[in-house]
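Since every read-out is calculated from the coordinates, none of them should be taken as a lab result. All values derive from a computational prediction rather than experimental measurement. Counting neighbours? That spans all protein chains shown, and the Cβs are built from the backbone with ideal geometry, glycine included.
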Amino acid sequence: MSFFLEVLIGGLLAGVMYTMVALGFVIIYKASGVFNFAQGAMVLFAALTFVSLVERGLSFPWALAGTLGVMLLLAVAIERVVLRPLVNAPPLALFLATLGLASVLEGLAQSVWGTQVHGLDLYVSDVPLGGLGVQVSRFDLFAAATAGLLVLGLAILFRTTRAGVSLRAVADDPLAAIAVGIDLPRLWTIAWGVAGVVALVAGLLWGARVGVQFSLSLVVLKALPVLIIGGFSSIGGAIAGGLIVGATEKLAEVYVGSYVGGGTESWSPYVLALGFLLVRPAGLFGERIVERV
Amino acid sequence: MSTDVSAWSQSEDVKMTRKTALSIAATVLVAALALALPRLVTDYVLSAILVPFLALALAAIGQNLVTGYAGQLSVGSAAFMSVGAFAAYDLHLHVPSIPLLVSFAFGGFIAAVTGALFGLPSLRIRGFYLVASTLAAQFFIEWLFTKVGWFSGNSASGVIMAPPLVVAGLDFSSPGGHYWLSLLVVVPLAILGRNLVQGRVGRAWMAVRDMEIAAAIVGVPTRRAKLLAFAIGSFYCGVAGALWAFAYLGTVEPHGFDLDRSFQILFIAILGGLGSVVGPFLGAAFVVLFPIALDNVAGGALGSVVDPGLLENVEKIIFGSLVILFLVKQPAGLARLAAIAWTRLCRVALRE
Amino acid sequence: MHHSRIALLSLASIALLTACRPQNEGTSTDKVSSATVPGSGPAATPKSEGKTQYFPLQSYRVGPYAAGGTGFFGGFIDYMQLVNTRDSGVNGVKLTWSECETEYVVERGVECYERLKGGLDGAPAAAMNPLSVGIAYALIDRATTDKIPLITINHGRTDSTDGRVFPYIFPLVLNPYSEASAIVNYIGQREGGTDHLHGKKIVVLYHGSPYGKETIPIIDLLAKNLGFVATQIEVPHPGSEQQSQWLQIRQIKPDWVILRGWGIMNPVALKSAAKIGFPADHVIGNVWSNSEEDVTPAGAAGTGYVSVTTHPSGRDFDVIKDIEKFVVAPGKGNLQDPKRFGSVYYNLGVVNGILNVEAVRVAQRKYGKRPLTGEEVRWGFEHIDVDDARLKELGALGLMQPIKLSCTDHEGGGAVRFQQWDGKQWKVVSDWVRSDRALLRPIIEESSLKYAKEKGLTPRDCEAEARL
């Protein structure tokens, strides 16, 4: 029983890590309707920038500030160069553009900062915490706490600040938002900037977990099933989706995987997502598309 | 009055005939070029550029049928290519006397069945969320072929080596032979595909893509159309996969058909122009040729001064930027560009 | 619309230019490599004067494995630069090379092979060194048909050790079976003798790819022979999530874990081991989990971790010192980051360079002091006999093990040492541990003869060839 609990808790905590990456997608999708496949490259870029600044002698807070600045600049650049010209393009073209963007960011990250691998130390030792016969990773708990703070911060942003409320308005009805006078391009910049900050936090936590190297951008593959289950435009959905994916993935790997030789983790989240969709075709929290004939 | 009208219609007829003549001339020229190519270019171009170009174009045709004509978003083309490659190989392994083309067709058939299976959710799920189904296919199939040794002939490493390429007693194992085999497979299938999309099936697909509910009301069998799209599209991907494995690489491991490859096929289809017949070929040409061209040009000019790693990363940036630029300028793809160029050419030629 | 016409025209012209350039002569289309630190001057590779030997390099400096690639090819290039600068080439024949980026992707490796196999400016290609299992598999048939040796140092297809069936494929120094056997022997040593292995539990954590799976049957065989319980657990590519696998390991409570990792899987494995409290010094990494790049991201969790190596890292070897003196100091070093000089991957590149050049040298004794074809260099590889005396001459005593290749044995070495990470660098902690080659050879031959039958090949008669 305690083993089951261990796997479950470990899975939930892993799910929180997936949620963090998914949050970036949700913010951008809510604001501009774009499925930003370059989010993974943004996570890599942020993590690499931070680590390289630290290695060049900057202290933690200054490196953080520096990376923040870089991510905000990136957001401005992306909005002007990619989003604005593609305003009326079909969604598939926009998705493809983000694929191109991912390529650019990956190439840029490695040209500027080099191809070396780096360790990222967040000064949280990973000695396991034990109790009731169950071992839990200290780092994972720290990550979950950070993620919780992030979500809280985003919630406050969306509910109280002007920009946040405008974002929700745009997500709800873009035309009405324009009619009311909301400056769409500026809002998109803000949305991509916030997504950049989320990418930074995700990059730091994931980088500390697995090391900062090129494969970090593959975390985006873990976010996809989370988004499908939770809906593309809901933060609550991303959280719920992340927890569900994390827990199911780990439990399946341990209990089902032993019968089929392991490795089920690579596909079980997607099959799970598919199952969810067959029951609820717009995701758990996504907008229901009602079609009446 | 009537004489004026008939005069008008006569000159229009003449214009039409001249335009058709130009089209036929162009087609004959392209065909002649394709047939003469082995004598004009080196082995390197044949085996490392033309063969992958043809295989990827075929897969992109399949992708185009599902996503471009039927409007169903699919990101699992590489998985279906994988199914085709492994099915063709396994048939050949257990029935060595089977003709090569039959094993290709078999690979395509098994891929079609798989595609239809993973296309079933499209009957219930709409829009972007449909990617869940083909993504599940992509990862599950990759895992299946890695895990279950039977598919790869129980070799310890899981890599399969292609059998000798012999069709009807003729040996196709030279670079020229690889090219001919690819042409032999791709051209008829491409023509078949064109007839399909211009016929009743294609119209049903476009109805599903553009106005699904109206189509259903009017009596178009939308469910069958969707499944057929997945099946036929996957058939093309399956044959392309077998071609890729047998005629190009000579080996295949499951990771060669991963999500990156699916994205590459989607890329080619969209860049070439969704919903066009010639689009997949243009897109494949771009994706295959451009990195090599960039490598040669940049490497020749700057290779002696700039560190190769940095150069490579810069090339990556250039490629990504070009994709974005291209999508901004012409989201309808290379096919639209080509169509515009062709119209201009015809106008110039006919004015003479 | 103006833009679209221009775009189409430029696209077409680029296509035409690429397609119509004569690739087989390998002229100006190939990227001449830079042996420079950026901005410090033109390339130092000599243009062909009719007496150069060409080494095509299917390198990877971009993408997830770039760290390993830049280290390995850096060492390889620096060694060739040393031979050119210090020795004026091999008996007067200078070495030249060019790089083609594969990004570790199979079809790019194949395209690079086809592009570069014809030679450079008239200098013939000596051997192919793609440093990738996937690419190597795709090139086996091609290299054999084109008669160019394909070198897969420390990796590759195990049965290609049998040169009678694979005349052009060389898994130099260590093939995967030897590696597995040597690791088990080392564990036996740590346990006080291989007979003490009886009843012990060993988990093999392997990367979900052909490379990772290659040794499954041999581990099972060794388990049966020596009486230990082997559990083999797969980590799906890329390996950034290993929580479930290590929880399972925690349940099994093994005595040892053998790590057959690649890329990001390695540091994650070490971190996950720390998470469940498994001691790092009981994790034994294989030859692709043994570099600085594999442990650094794991931070403190990597301290104590032991891994295999066919050559130590460090700068304290004559050949490395020479490279420092003749190549790096004058500013011609290939590494971007000078701190990586002497690292595991770098030294592997140097060792690879030594063996490739030695093959050319040996072949020149038979065929003359001139640029050689792939077939001739193949003869050279098969007659490499590097003993301690020769190692001293090469400046590699202590860096490399003595190696003797032959027509039937394309591996030659089969022995390894073990090193331990102390948080800052690798320290060698064992003497040479041999693999059980007598046990492995029949299995290798069974596999290679099966391959020969499938392909309809007749194995070479090595004795007859030797008499020629």
Return C:191, C:111 ranked ascending by Cβ neighbour count within 10 Å, so the fewest neighbours appear first.
C:191, C:111
When the Debye formula is applied to the Cα atoms of region A:139-277, each taken as the same point scatterer, what base-10 log of I(q)/I(0) results at q = 0.19, 0.22 Å⁻¹?
-1.24, -1.41
What is the set of long-range amide H partners of residue C:128 at a cut-off below 5 Å, with H atoms built 1.01 Å from backbone N?
C:150, C:151
What residues have an amide H closer than 5 Å to that of residue C:233, excluding those fewer than 5 places away on the same chain, when H is modeled at 1.01 Å from N in the peptide plane?
C:204, C:205, C:206
Using the basic label-point model (7 angstrom from Cα toward the beta carbon), what is the residue C:443 to residue A:55 distance in nanometres?
3.9 nm
Which of the peptides C:420-432, C:164-176, B:259-271 is most tightly packed, and how do the rest follow, going by the mean number of other Cβ atoms within 10 Å of each residue?
C:164-176, B:259-271, C:420-432
Please report the spacing between the Cα centers of region C:338-358 and region B:173-234 in Å, no decimals.
53 Å
Estimated vicinal HN-Hα couplings, Hz - region A:242-258 in sequence order (Karplus 6.51, -1.76, 1.60; Gly, Pro = x)
x, 4, 4, 4, x, 5, 4, 4, 6, 5, 4, 4, 6, 8, 8, x, 5
Would you pull out the residues with amide H under 5 Å of residue C:284's amide H, same chain only if 5 or more places away, H placed 1.01 Å from N?
C:257, C:258, C:259
P(r) tail fraction, region A:2-279 - alpha-carbon pairs more than 26 Å apart, %:
44 percent
Of the listed links C:213/C:253; C:253/C:450; B:316/C:275; C:213/C:450, those spanning more than 28 angstrom between alpha carbons are C:253/C:450; B:316/C:275
Can you work out the Karplus-derived ³J(HN,Hα) for every residue in region B:43-59? Use 6.51 cos²θ - 1.76 cosθ + 1.60 with θ = phi - 60°, whole Hz, and x for glycine or proline.
4, 4, 5, 5, 8, 10, 10, 6, 5, x, 4, 5, 5, 5, 4, 4, 4
At a threshold of 8 angstrom on Cα-Cα distance, excluding pairs fewer than six apart, so keeping six or more, what relative contact order does chain A reach in percent?
36 percent
Between residue C:434 and residue C:463, what is 0.36 nm times their sequence separation minus the Cα-Cα distance? Round to one decimal in nm.
7.8 nm
Pairs beyond 26 Å (Cα-Cα), from C:147/C:455; C:51/C:366; B:147/C:424
B:147/C:424
Other protein chain Cβ atoms within 10 Å, averaged over every residue that makes up C:395-402
0
Quickly estimate the mean residue ellipticity at 222 nm for chain C, helices only: each DSSP H run with n ≥ 4 gives -39500 (n - 2.57), and the total goes over all residues, rounded to 500.
-13000 deg cm²/dmol
Please express the Cα-Cα pair-distance distribution P(r) of the protein assembly as shown as a list of whole percents, one per 20 Å bin, running from 0 to the bin with the greatest distance.
12, 43, 36, 8, 1, 0
Between residue C:281 and residue C:361, what length comes free when the chain is fully extended (0.36 nm per residue of separation minus the Cα-Cα distance, one decimal in nm)?
24.6 nm
Once each part is reduced to its C-alpha centroid, what is the distance from region A:121-161 to region A:202-225 in angstrom?
16 Å
Work out from phi, with θ = phi - 60° and the Karplus expression 6.51 cos²θ - 1.76 cosθ + 1.60, the ³J(HN,Hα) of each residue of region B:81-98, listed in order in whole Hz, and give x for Gly and Pro.
4, 4, 4, x, 4, 5, 5, 4, 5, 5, 4, 5, 5, 8, 10, x, 7, 5
I'd like the distance separating the alpha-carbon centroids of region B:242-291 and region C:222-249, in whole Å.
35 Å
The ratio Rg/Rh over the Cα atoms of region B:255-346, Rh being the Kirkwood inverse mean 1/r radius, stands at 1.05
Quick one: longest stretch of chain A between exposed loop GluC sites (Glu not before Pro), exposed meaning at most 14 other C-beta atoms within 10 Å and loop per DSSP?
A:1-286
Would you mind computing Rg(Cα) / (2.2 N^0.38 Å) for region B:41-351, counting N as its residues?
1.03
Within 10 Å, count the other beta carbons around each residue, average over each peptide in A:219-229, C:274-284, B:280-290, and list them highest first.
A:219-229, B:280-290, C:274-284
Treating only the Cα positions of region A:6-99 as identical point scatterers, give the base-10 log of I(q)/I(0) from the Debye formula at each q in 0.12, 0.24, 0.26 Å⁻¹.
-0.51, -1.18, -1.26
For peptide C:197-208, how many partner chain Cβ atoms fall within 10 Å of a residue's Cβ, on average?
1
Which aspartates and glutamates have a Cα less than 20 Å from the Cα of residue C:339, not counting those fewer than 8 places away in the same chain?
A:55, B:307, C:78, C:292, C:293, C:294, C:316, C:318, C:322, C:324, C:422
Cβ neighbours within 10 Å from other chains - mean over C:128-141
3
Determine, at each q value in 0.08 (inverse angstroms), the log₁₀ of I(q)/I(0) that the Debye formula gives when each Cα of region C:322-468 is one equal point scatterer.
-0.33
